[in-house]
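In what follows, a single structure is set out as structure tokens and then discussed.
The values are calculated or read from the model by the stated rules, or taken from the named source; none is laboratory data. Note that this is a predicted model, so its numbers are computed, not measured. Neighbour counts run over all protein chains shown; Cβ positions are idealised from the backbone, glycine included. In case anyone asks, the SASA skips ligands and DNA or RNA and just uses the protein heavy atoms, side chains included. Shrake-Rupley method; radii C 1.70, N 1.55, O 1.52, S 1.80 Å.
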Amino acid sequence: MRLDGRRESSNVEDRRGMSTATKAGIGGLGGIIMIALFTLLGGGNLGDVVTNVVQQGGLGTVQEEQMDGQREFTEEEQQLAKFSRQVLASTEDVWAKVFQQMGRKYQPPTLVLFTNRVNSACGTASSAVGPFYCSGDQKLYIDLSFFTTMKQQLGADGDFSYAYVIAHEVGHHVENLLGILGQAHQQMSRTDKVSANKISVRLELLADYYAGVWAHYDDQEYNSLEAGDVEEAIDCAQKIGDNYLQKKAQGYVQPESFTHGTSAQRMKWLSLGIKRGDMNVTTFNIPESEL
């Protein structure tokens with residue numbers, strides 16, 4: 001993905017120089033990882049994972065304190081941080097124009113970079129929960145080591161794959177600003193678990209679509225997509241499908257527990273967003289069979 005010379009967003013909190021210590025909590029780290037693992041199977045937005053961990057006594061409260069002395073980051077870490085700031089800046093530019101066309105004003109989210117653990121309005125979380133968006137503070141959180149995990153454990157690599165991860169979380173912010181996220185969460189709180197999971201799938205696929213919409217307009221403006229970029233992102237979407245990850249983790253799939261969509265669905269909606277860039281498209285007004 002071509003980002004050379006592009007600006008970096010200032011809406012970033014770099015907490016990688018912060019140390020975190022748990023003041024209180026019921027479960028141990030092993031329990032936290034298990035809670036996170038089963039929700040992480042679908043990838044994507046994991047604000048609900050943080051809530052699950054907190055509700056089940058996983059972490060308690062976390063204090064963040066500045067470490068003595070400035071931690072030195074590797075060149076790779078610095079490049080990933082710069083890349084993330086550039087991708088966030090790109091989403092700000094694209095969504096500001098899209099919202100303007102809809103007669104709305106876009107309010108960008110804040111990107112929080114952290115290491116190991118972080119405190120958010122949705123609760124406290126370890127890196128095990130993966131990247132997540134918290135509507136409570138309108139921030140997206142990511143430990144940059146997640147990209148290494150993508151590469152080593154899933155074989156999902158490439159700069160546009162990494163950009164897709166960030167753009168997906170920004171997609172949830174777009175859902176939040178449009179009122180879609182809040183309405184969906186209300187519906188989920190009033191129904192049974194299986195039905196709530198189906199609503200969650202629609203939210204996740206829409207965030208995939210919005211990630212594609214961002215790529216559509218960024219490429220239109222800057223010719224930013226290089227040969228192989230789209231294929232990288234589609235491959236990533238395939239490898240974070242519920243069915244793929246459940247099969248990989250436990251050897252079988254449980255469709256009733258899907259919360260993020262199958263590999264085919266995630267590839268479909270990301271591809272559709274990249275191709276069309278149409279904000280009139282939604283995952284909430286079509287039959288389940290057409291998702």
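A few comments on the model shown:
- Residue that is nearest to Glu13 (Cα to Cα) [pool: residues in segment 119-173 that are open to solvent by less than 10 Å² (accessible area, probe 1.4 Å) and among the aromatic types (Phe, Trp, Tyr)]: Tyr141
- Members of segment 220-229 that are on the phi < 0 side of the Ramachandran plot and open to solvent by less than 50 Å² (accessible area, probe 1.4 Å): Ser224, Leu225, Asp229
- Cβ pairs under 6 Å, 6+ apart, first in segment 74-85 and more than 14 Å from Thr115 (Cβ to Cβ), second crowded, with 18+ Cβ neighbours inside 10 Å: Arg85/Ser9
- Cβ-Cβ under 6 Å pairs, at least 6 apart or on other chains, segment 205-231 side of a type outside the set (A, V, I, L, M), far side assigned to a loop (DSSP other than H, G, I, E, B): His216/Gly277; Tyr217/Gly277; Asp218/Ser224; Asp219/Leu225; Ser224/Met1; Ser224/Arg2; Asp229/Met1
- Residue satisfying condition, being of a type in the set (Val, Ile, Thr) and open to solvent by 10 Å² or more (accessible area, probe 1.4 Å), within set Thr115, Thr91: Thr115
- Candidate set: segment 230-250, residues that are in a helix (DSSP H, G or I) and touching a Lys or Arg at 6+ places or on another chain (Cβ under 8 Å); chosen: the one most open to solvent (accessible area, probe 1.4 Å): Gln238
- Single residue of segment 251-267 satisfying the filter (part of a helix (DSSP H, G or I) and without any contact (Cβ under 8 Å) to a residue 40 or more places away in the chain) that is most open to solvent (accessible area, probe 1.4 Å): Pro255
- Candidates Gln101, Gln79: the one that is open to solvent by 60 Å² or more (accessible area, probe 1.4 Å) and within 21 Å of the chain's Cα centre (by Cα) is Gln79.
- Subset tally (residues that are under 13 Å from the mean Cα position of the chain (by Cα), in a strand (DSSP E or B) and charged (D, E, K, R)) for segment 111-148: 1
- Some residue of segment 191-201 being surrounded by fewer than 14 Cβ atoms within 10 Å (Cβ to Cβ), of a type in the set (D, E, K, R), part of a loop (DSSP other than H, G, I, E, B) and modelled with pLDDT of 95 or more: yes
- Residue that is most open to solvent (accessible area, probe 1.4 Å), among those in segment 268-287 that are part of a helix (DSSP H, G or I) and more than 21 Å from Gln153 (Cβ to Cβ): Lys275
- Verdict on His185 being touching a residue at least 60 places away in the same chain (Cβ under 8 Å) and either open to solvent by 10 Å² or more (accessible area, probe 1.4 Å) or in contact with a strand residue (DSSP E or B) (Cβ under 9 Å, 6 or more places away or on another chain) (or both): no
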